[in-house]
Amino acid sequence: MARAFYPLEQFAGAPAGFHLLPFRFIRMNGKELLVNEAGEFLFAPPGTVQGLVDERLDTSTDLYRDLKAKHFVYDDSSSPLLDILATKVRTKFDHICGGTKLHIFVVTLRCEHSCDYCQVSRQTATRGEFDMSTSTADRAVAMMMDSPAREVTLEIQGGEPLLAFDVIQYIIPRAKRLAKEKGKNLDIVVCSNLACVTDDILMYFRDEGVKVSTSLDGPAFLHNKNRPRPGHNSYEKAIEGIERCRAILGMESVAALMTTTATSLDYATEIVDEYVRRDFHSIFLRPISPYGFAIKTRHRTGYEMGRFLEFYKKGLAHILDINRSGYRIAEVYTQILLTKMLTPHGTRYVDMQSPAGEAWNVLVYNYDGDVYASDESRMLAEMNDWTFRLGNVHRDTRRTLFTGDSALRMFHASCNQALAGCSDCAFQSYCAADPIYHHSTQGDMYGNRPTSGFCSRNMEVIKHLFSIIEENDRETMRIFWSWITGECVIEEVVECA
């Protein structure tokens, strides 16, 4: 790549020697891909790593200068560059500062849908004993506001939370009042299938500044198959609800998420086209989650990770083609990874953090007051696996939640920097540990990376993205950067009913 201005050392003599900074590497596409602690990368000719290790790399070459500029080596003139590297590493780990930001309230287990891939042991719509009580809501709100985080998101889930709208009306004013007293900024999101939404509910959300997240699995035939309900009209209800939300709350106040079932795998382009047809500007091509009730139905909804990766690649190619035609739509998982690959910034997406974001960045308050490290760990509890139950709002404080045995065992397995198979992986800076996933799928929080679906998914997706980046197509990279910088509108990622 041509430089507009060469650094001063270009005009000085070559350094007598150099020292290595920490990095990892992988051979791909006939080259060596080097990645340092901050996630900066460089495609280099074969033999570059061996030349670095043997200290026989020519220090007068552009390759050496690129390695130095990207913090793979340092020499006598590198002192300011090391300060920059430290800043970049610190920035990448910013997510561990400030305390828990996302707080999920499960206000009811009741739901009138009967989705095969549902991760929760849902209850019928008439069983009110599975609603959160006012005393539990009070304690959960107080615990949420005990977090030292200044920016707090209250995410209200179910079941179908609108079946317990009275509980929502009880929680929101109390959360707002306490946030004001403690000087916190509070965002509120309700995750709903929108089948039972009314204009009165939406006007309440509008007045309270509440955003809505819903599910949209694709065209009518696919959504109705994936998300059955009485009347066989979940798609029609969802689309009607989306339009009502937009009319009352505004276009930017409603987002949608999809889940990929075995049936979905044959319809990548149709799913993307549905999001475009419905005027969404982001889509998250999510694999099915191996938790809770979804485990019992995996023979109908599950699939091998290799099939999902084919689906993802086909969907991403279609999304890029749509962007090239002028309509801006981002693939959210790609955007998350590109942010980690092309910038020094981390991500708010809990599943892709190391140390793991469970508990640190998200807490889940179940309808009965039990507190979990993540929504996924609550789903495991629905199948009588209580490994990640941290405590209960009626008997615990924030301090005891984070110092109990459940939390400490999880924290020990939460850093991919210290996990076998991760510590020397070239993509470690972009990936995560996810002890809950590995406990669920392998019976071990530390996990076995060679047989991990989490690992195979992320390895292949990251390799695929690097292959695209290496091609350096100007229009494709412009699209990628628009997703990272926010020029393409990306709805906030939340888990959805």
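Derivation of every value follows stated rules applied to the coordinates shown; laboratory data play no part. Given the structure is predicted, the values throughout are model-derived calculations rather than measurements. Virtual Cβ from ideal backbone geometry, glycine too; neighbours counted across all protein chains shown.
Structure summary
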item	result
Charged-residue dipole, Cβ positions (Lys, Arg, Asp, Glu), the stretch 8-92 about Cα centre, Debye nearest 20	400
Two-decimal ratio, the stretch 8-92, of alpha-carbon radius of gyration to 2.2 N^0.38 Å	1.06
Cross-link pairs beyond the 25 Å C-alpha cut-off, checked among LYS70/LYS92; LYS92/LYS211; LYS88/LYS313; LYS184/LYS211; LYS211/LYS314	LYS92/LYS211; LYS88/LYS313; LYS211/LYS314
Amide H partners (placed H, <5 Å) of THR343, local residues excluded	none
Computed [θ] at 222 nm, helices only, for the chain once each DSSP H run of length n ≥ 4 contributes -39500 (n - 2.57)	-12000 deg cm²/dmol
Distribution of pairwise C-alpha distances over the stretch 307-443, 10 Å bins, in %	11, 33, 30, 19, 7, 1
In degrees, nearest ten, helix 134-145 long axis to first principal axis of the chain (Cα)	20
Distant-in-sequence amide H partners of SER282 (H built 1.01 Å from N, under 5 Å)	ALA330, GLU491
Dipole-positive endmost among MET143, SER215, CYS191 within the stretch 142-239 (Cβ charges, Cα centre)	MET143
Residue-by-residue Karplus 3J(HN,Hα) for the stretch 463-479, coefficients 6.51, -1.76, 1.60, Hz, glycine and proline x	4, 4, 5, 5, 4, 5, 4, 5, 4, 6, 5, 4, 5, 4, 5, 5, 5
Simple Cβ-charge dipole of the chain, Lys/Arg +1 and Asp/Glu -1, about Cα centre, in debye nearest 20	380
Theoretical FRET efficiency, 1/(1+(r/R0)^6), r = Cβ-Cβ of ARG324 and PHE221, R0 35 Å, to 0.05	0.80
Rel. contact order, % - alpha carbon contacts under 8 angstrom, at least six apart, the stretch 8-92	31
Phi to ³J(HN,Hα) by Karplus 6.51 cos²θ - 1.76 cosθ + 1.60 over the stretch 429-443, Hz, x for Gly, Pro	5, 9, 9, 8, 9, 6, x, 5, 4, 6, 4, 5, 9, 10, x
Ascending count of other beta-carbon atoms within 10 Å, so fewest first, for ILE84, ILE242	ILE84, ILE242
Cα-derived Rg over Rh, computed across the stretch 217-365 with Rh taken as Kirkwood radius	0.97
Assigned charges on the beta-carbon of Lys, Arg, Asp, Glu; the stretch 126-185 dipole about Cα centre (debye)	360
Cα Rg, Dmax, the stretch 127-210, angstrom units	12.9, 38
Table column - 3J(HN,Hα) (Hz), the stretch 149-166, Karplus curve with 6.51, -1.76, 1.60, x for Gly and Pro	4, 7, 10, 10, 10, 9, 10, 9, 10, x, x, 9, x, 5, 6, 10, 4, 4
Length released on extending from MET28 to LEU265, taking residue separation times 0.36 nm less the Cα-Cα span	82.6 nm
Which of PHE93, THR108, THR347, positive extreme of dipole for the chain (C-beta unit charges)	THR108
Relative contact order (%) - criterion: Cα under 8 Å, at least six apart; region: the chain	17
